[in-house]
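For reference, the structure is listed below as structure tokens.
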Amino acid sequence: MRNLFNFIAKHYFFFLFVLLQVIAFTLIVQNHFYHRSAFVNSANFLSGSIYQSRTNIAEYFALRSINEELAARNNELMSMLPGTYLKTDRQIFTFNDTLHRKQFSYINARVINNTVQNRNNYITLDKGRLHGIKPDMGVILPNGVIGIVKEVSANFSAVLSFLHSDIQVSARHKKSNHLGTVFWEGYNYQKATMLYIPPHVELQIGDSINTSGFSHIFPQDILIGTISDFEIRRGDNFYTIEIDLDVDFNNLTYVNVVKSIYRSELIQLEESARQL
């Protein structure tokens, strides 16, 4: 211990210089937008590369389950194609709807880092700006909302998980079509809370809660979860609803990043309407 103190005392000018450099660098990053953005992108690239290497090793030992998951997902997507045939007792009808335009497109991405134990959790994806991903895009699975893209670098994306205090999702009670807001309270990654459903609505355990589509980030009718409990607390005018999330956030592998084709146009229109 004495030798350590002697070494520090002998080279204290060097340690003081390093400390001042760290403080100066921190102040520059915090107070200058360009430097902060450059630092975030560099950090995303470095951490993304590390996470991707680690995930590649882990996935090598789980290729069979991953392939089964992808095959099941492909079957689900194929069943939604407009060219699917509907067989009846007398005829075969082809679904060929020319009245609807495509509103969303999807980018498949792999989860290379994920947390569930924090109050504010993040997810890292293996695709970024070069793959068409931008901030504020939604991230989903067929059975749930995963989060919203926060930052992107050339090859990676940082996502605010649904398990984050800043995420609130516009949702509806499927049976009644009434709107509310779903968010995570920070305790159990398998549970969420829904507010603003009025007391005259008839609720039942097991009722589905889906996305409303009103945010222009997530498509309509993506399942969020099912009601596990509900009550009207003293002094409240709405239900407080507990939801069992359908997604296992502790077991994410592949996700879909949502590109809302008309989002910019819709937002611009709504902002113009507010100014009238």
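Values quoted throughout were computed directly from the atomic coordinates according to the rules given, and no laboratory measurement underlies them. Predicted model only: the values in this text are computed from it and were never measured. Every residue, glycine among them, receives a Cβ derived from its backbone with ideal geometry; neighbour counts consider all protein chains shown.
Note down the net charge around Gly225, summing +1 for each Lys or Arg and -1 for each Asp or Glu among other residues with Cβ under 15 Å from its Cβ. Summing Lys/Arg as +1 and Asp/Glu as -1 gives -4. Under 5 Å between amide hydrogens, built in the peptide plane, is the criterion, and for Lys175 it picks out Ser208 among residues at least 5 positions away or on other chains. Local charge for Lys174 was computed over the other residues whose Cβ lies under 14 Å away, with Lys and Arg +1 and Asp and Glu -1, and equals -2. Under a 5 Å amide H cut-off, with hydrogens placed 1.01 Å from N, Asn114 pairs with Thr124 among residues at least 5 apart or on other chains.
Cross-link check: pairs Lys150/Lys175; Lys127/Lys191; Lys150/Lys259 evaluated at a Cα-Cα cut-off of 23 Å; pairs beyond the cut-off: Lys150/Lys175; Lys127/Lys191.
3J(HN,Hα) couplings calculated from phi for the range 254-267 with the Karplus curve 6.51 cos²θ - 1.76 cosθ + 1.60 (θ = phi - 60°) are, in sequence order, 10, 9, 10, 8, 9, 9, 7, 5, 9, 4, 4, 5, 5, 5 Hz; Gly and Pro show x.
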